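Colleague: Pasting a structure here, questions to come.
Only the coordinates and a few stated rules stand behind these numbers; no lab work does. Remember, predicted model here, so these are calculated numbers, not experimental data. Glycine gets a Cβ as well: all are built from the backbone with ideal geometry, and neighbour counts include every protein chain shown.
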Amino acid sequence: MEDHVEIRTIGVIGAGQMGNGIAHVCALSGYDVLLNDISQEALDRALATITKNLDRQVSREKISAAEKDAALGRISTTMVLADLGPTDLVIEAATEKEHVKEAIFADLLPHLKPTTILTSNTSSISITRLASRTDRPEKFMGFHFMNPVPVMQLVELIRGIATDQETYGACLKVVETLGKTASSAEDFPAFIVNRILMPMINEAVYTLYEGVGNVTSIDGAMRLGANHPMGPLELADFIGLDTCLAIMNVLHEGLADTKYRPCPLLTKYVEAGWLGRKTGRGFYDYRGETPVPTR
Ligand code: CAA
């Protein structure tokens with residue numbers, strides 16, 4: 001048996017916020033990337049975002065114009081999931097819904113070469129459970145990037161109960177090639193980052209809900225008092241309030257502990273469709289020139 005798998009081509013499923021960032025960093029590090037989505041519009045939008053973010057890196061002299069062009073040249077797009085069949089590594093970054101991810105894997109698996117490592121960028125769904133419904137639980141693991149992907153140094157690597165050492169080693173090598181640092185997490189609800197981050201954000205929403213502070217005082221307190229680059233409510237808007245709520249629900253249900261109960265105010269914002277930056281409104285209103293607190 002070979003002691004490592006050489007990864008050259010990477011398939012990325014989902015061209016949203018995370019998927020485009022993943023395609024960006026993989027292409028910039030020399031991998032050939034095939035980016036898949038069900039909508040051509042999403043693929044076009046992703047390429048425009050990647051170009052804009054690469055331009056930003058050129059203007060800040062992080063990369064050269066030639067490196068930008070080479071990275072863009074390494075990214076192809078497709079609406080046909082089966083086209084990802086011959087890739088060496090697949091990183092699924094579709095919607096954070098278990099049934100969506102399962103349906104994608106079911107469609108993809110018959111086309112996938114036997115050696116392909118299959119990973120999910122899920123921020124909280126059980127890797128072991130996702131893996132058990134594929135034909136390759138030993139070649140399945142969690143590959144969790146942070147947002148914004150081109151900036152954040154960390155990738156959480158999560159082994160399911162069946163993940164083999166060869167798969168872990170190959171993924172670790174990819175993280176190193178990307179110039180990022182891996183943290184190894186066990187497969188328990190929300191892994192490490194979100195296990196710690198989301199209860200903090202949820203507590204910030206309780207602090208708002210109970211009137212201890214308003215949006216400005218809560219965010220200002222944590223930015224200036226704890227040196228966080230963004231306040232917790234600003235960060236929640238950046239991540240997406242639906243995502244924050246979904247992760248709190250995973251913690252609440254998965255660990256069966258009331259300390260993880262989602263704040264009713266967080267639920268209310270999600271019910272209103274005020275999901276943060278992506279919908280123009282959350283704890284701040286982004287529709288004007290500068291963000292304005294909504295409470
Ligand atoms: N692509 C490329 N580069 C980007 C970028 C992008 N999308 N966004 C920002 N940058 C770069 C900028 O070019 C800039 O680079 P230099 O420092 O080299 O000049 C740098 O990032 C800082 O950007 P800005 O000066 O524009 O803005 P900022 O100083 O306010 O920083 C931030 C922005 C990096 C997002 C910062 O506010 C931050 O770190 N926020 C916290 C982010 C965080 O916690 N992310 C984790 C979320 S949790 C998660 O992702 C897990 C989950 O499952 C939910």
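Colleague: With the requirement that a residue be more than 16 Å from the ligand (Cβ to nearest atom) and of a type outside the set (S, T, N, Q), what does segment 40-53 give you?
Modeller: Our first condition is that a residue be more than 16 Å from the ligand (Cβ to nearest atom); within segment 40-53, this holds for 40-44.
Across segment 40-53, the qualifying residues are GLU41, ALA42, LEU43, ASP44.
Colleague: Checking the structure you have, find out if any residue of segment 155-162 is within 14 Å of the ligand (Cβ to nearest atom) and exposed (fewer than 14 other Cβ atoms within 10 Å of the Cβ).
Modeller: No, that holds for no residue.
Colleague: Same structure, new question: Go through (1) exposed (fewer than 15 other Cβ atoms within 10 Å of the Cβ); (2) touching a residue at least 12 places away in the same chain (Cβ under 8 Å); (3) within 16 Å of the ligand (Cβ to nearest atom) one by one and return the number of the condition LYS97 breaks.
Modeller: Of (1) exposed (fewer than 15 other Cβ atoms within 10 Å of the Cβ); (2) touching a residue at least 12 places away in the same chain (Cβ under 8 Å); (3) within 16 Å of the ligand (Cβ to nearest atom), only one is false for LYS97: (2).
Colleague: State the number of residues belonging to segment 231-282 that are at negative phi and not in a helix (DSSP H, G or I).
Modeller: Qualifying residue count, segment 231-282: 9.
Colleague: What residue, among those in segment 207-234 that are among the charged types (D, E, K, R) and closer than 22 Å to GLY280 by Cβ, is nearest to the chain's Cα centre (by Cα)?
Modeller: GLU234
Colleague: Just give me the residues in segment 166-189 being polar (S, T, N, Q) and either touching a Lys or Arg at 6+ places or on another chain (Cβ under 9 Å) or under 22 Å from SER124 (Cα atoms) (or both), in sequence order.
Modeller: Passing the criteria: THR167, THR181, SER183, SER184.
Colleague: Going through LEU251, LEU265 one at a time, which residue ends up being in contact (Cβ under 8 Å) with a residue 24 or more places away in the chain, within 15 Å of the ligand (Cβ to nearest atom) and aliphatic (A, V, I, L, M)?
Modeller: LEU251
Colleague: Taking segment 13-24, which residues are within 16 Å of the ligand (Cβ to nearest atom), closer than 19 Å to ARG74 by Cβ and touching a helix residue (DSSP H, G or I) at 6+ places or on another chain (Cβ under 9 Å)?
Modeller: Answer for segment 13-24, where residues must be within 16 Å of the ligand (Cβ to nearest atom), closer than 19 Å to ARG74 by Cβ and touching a helix residue (DSSP H, G or I) at 6+ places or on another chain (Cβ under 9 Å): GLY14, ALA15, GLY19, ASN20, GLY21, ALA23, HIS24.
Colleague: Might you let me know whether segment 26-37 holds any residue that is loosely packed, with under 14 Cβ neighbours inside 10 Å and in a helix (DSSP H, G or I)?
Modeller: So far as segment 26-37 goes, no, none of its residues is loosely packed, with under 14 Cβ neighbours inside 10 Å and in a helix (DSSP H, G or I).
Colleague: Would you check which residues across segment 54-76 are within 16 Å of the ligand (Cβ to nearest atom) and in a strand (DSSP E or B) and list them?
Modeller: Selection gives ILE75 alone.
Colleague: Say we look at segment 100-119 and pick out the residues that are surrounded by 20 or more Cβ atoms within 10 Å (Cβ to Cβ) and not hydroxyl-bearing (Ser, Thr, Tyr); which of these is nearest to the ligand (Cβ to nearest atom)?
Modeller: If we take residues in segment 100-119 being surrounded by 20 or more Cβ atoms within 10 Å (Cβ to Cβ) and not hydroxyl-bearing (Ser, Thr, Tyr), then LYS101 is nearest to the ligand (Cβ to nearest atom).
Colleague: Can I ask one more? Would you kindly identify the strands (runs of 3 or more DSSP E) lying entirely within segment 118-222 that contain at least 1 residues that are of a type in the set (Lys, Arg)?
Modeller: 154-159
Colleague: Would you check if there is a residue in segment 43-60 being in contact with a strand residue (DSSP E or B) (Cβ under 7 Å, 6 or more places away or on another chain), touching a residue at least 24 places away in the same chain (Cβ under 8 Å) and under 30 Å from GLU166 (Cα atoms)?
Modeller: no
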